[in-house]
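Provided herewith is a single structure, encoded as C-alpha cells, for subsequent inquiry.
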Amino acid sequence: MRVYVPLTLPALATLHSAGEVGPAPLTAYAVTPGLREWYLSGSEEELEYAAMGRAAQASLRLIAADLEIPPRRVVVAADVADGAAVPTADPGLGLDAVTLGEVRLAGTIPLAACASVHVDGADAEPDITAAAEALPAAEAGDEDARFVVDGAADHELLWYAVQELDTLL
C-alpha cells in the first residue's frame, strides 16, 4: 500500500540521517475506503493525488506548529505492507473531513521503502508562511484566513527521487 507521510524539512533531514521515518506511531495518508467514498469516482492515480494533498495539508499544520522551521511542505511517499496502515476514522462517525484518508502506522518506515519525496519550491515560501500563520484563524472559521490557507494548495509539490535527498537538503 502506498502511504503519504507529512513531514517538514528538518524531519526530512532526520529521515536522511537516521535512515527511517519515525518515531512510531506515524500518521500518514492513503487511499482508504473513506477517501474512495468521499470522491465517489476517480482513477487510482487521482485518489492517490488526493491522499498526497491531504498529507500536504498535514505538513502545513506541522509548519504552523513551529513557525521557525523553513516554510516548505514535505510529503514522503512510501510503500508499506497492506495491513500496516490502519484508517484512523471511526467507521461509526461516517465521513469525517478532518481525518479523511488518514492512517496510522505502528512502526517506522525504512528509507528503502520510500518511493519519492515531494517538497514545495522556494517560490512557495511566502504563501506557505502566510498560510501557516493564518491556519489557526482559518480553523476557527475565519473565511479570509481560509482563503489564505487555500492559497497554499495552489503550489504543486516538486517531485524528487529518494536518491536526490543529499542535493535537496
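The values are calculated or read from the model by the stated rules, or taken from the named source; none is laboratory data. Predicted, not measured: the structure shown is a model, and the values here were computed from it. No Cβ is skipped: glycine too gets one built from the backbone with ideal geometry, and neighbour counts run over all protein chains shown. Ligands, DNA and RNA are stripped out before the accessible areas are found, and what is left, the full protein with its side chains, is counted by its heavy atoms. Shrake-Rupley method; radii C 1.70, N 1.55, O 1.52, S 1.80 Å.
By the scheme Lys and Arg +1, Asp and Glu -1, what is the net charge of all other residues having a beta-carbon under 14 Å from that of Glu125?
Values: positive: Arg72, Arg73; negative: Glu68, Asp120, Asp123, Asp127, Glu133, Asp154.
Charge balance in the 14 Å sphere: -4.
As a test of the formula, what do you get for the chain when each DSSP H run with n ≥ 4 contributes -39,500 (n - 2.57) and the sum is divided by the residue count, at 222 nm and rounded to the nearest 500 deg cm²/dmol? Before the final figure, lay out the partial values.
On the way: 6 runs with 68 residues, N = 169.
After summing the helix terms and dividing by residue count, I get -12500 deg cm²/dmol.
Further question: Towards the positive end of the charge dipole of region 1-53, with charges on Cβ (+1 Lys, Arg; -1 Asp, Glu), say which of Tyr49, Ala30, Pro6 has the farthest Cα.
Working it through, the farthest residue towards the positive pole turns out to be Pro6.
Once Lys and Arg get +1 and Asp and Glu get -1 on their Cβ, which of Gln163, Leu111, Gly83 lies farthest toward the positive end of the dipole of the chain?
Farthest along the dipole direction, towards plus: Gly83.
Roughly how many percent of the accessible protein surface of the chain is carbon and sulfur, given a 1.4 Å probe and a whole-percent answer?
55 percent
Net charge near Thr8: determine it from the other residues with C-beta under 12 Å of the C-beta of Thr8, scoring Lys and Arg +1 and Asp and Glu -1.
Numbers: positive: Arg61, Arg72, Arg73; negative: Asp66, Glu68, Asp120.
Around Thr8, the charge tally is 0.
Can you give the extra length, in nm with one decimal, that the chain gains between Arg146 and Ser17 once fully stretched, where that is 0.36 nm per residue apart less the Cα-Cα distance?
Here the answer is 42.9 nm.
Can you give the accessible area per residue of the chain, in Å², using a 1.4 Å probe?
Ligands and nucleic acids excluded, the figure is 52 Å² per residue.
Further, regarding this structure: Name the residues whose placed amide hydrogens come within less than 5 Å of the amide hydrogen of Val74, ignoring near sequence neighbours (fewer than 5 apart) on the same chain.
Residues meeting the amide H criterion: Leu7.
Taking the simple approach of a point 7 Å from Cα along Cα-to-Cβ for both Ala112 and Asp82, what is their distance in nm?
It is 2.3 nm.
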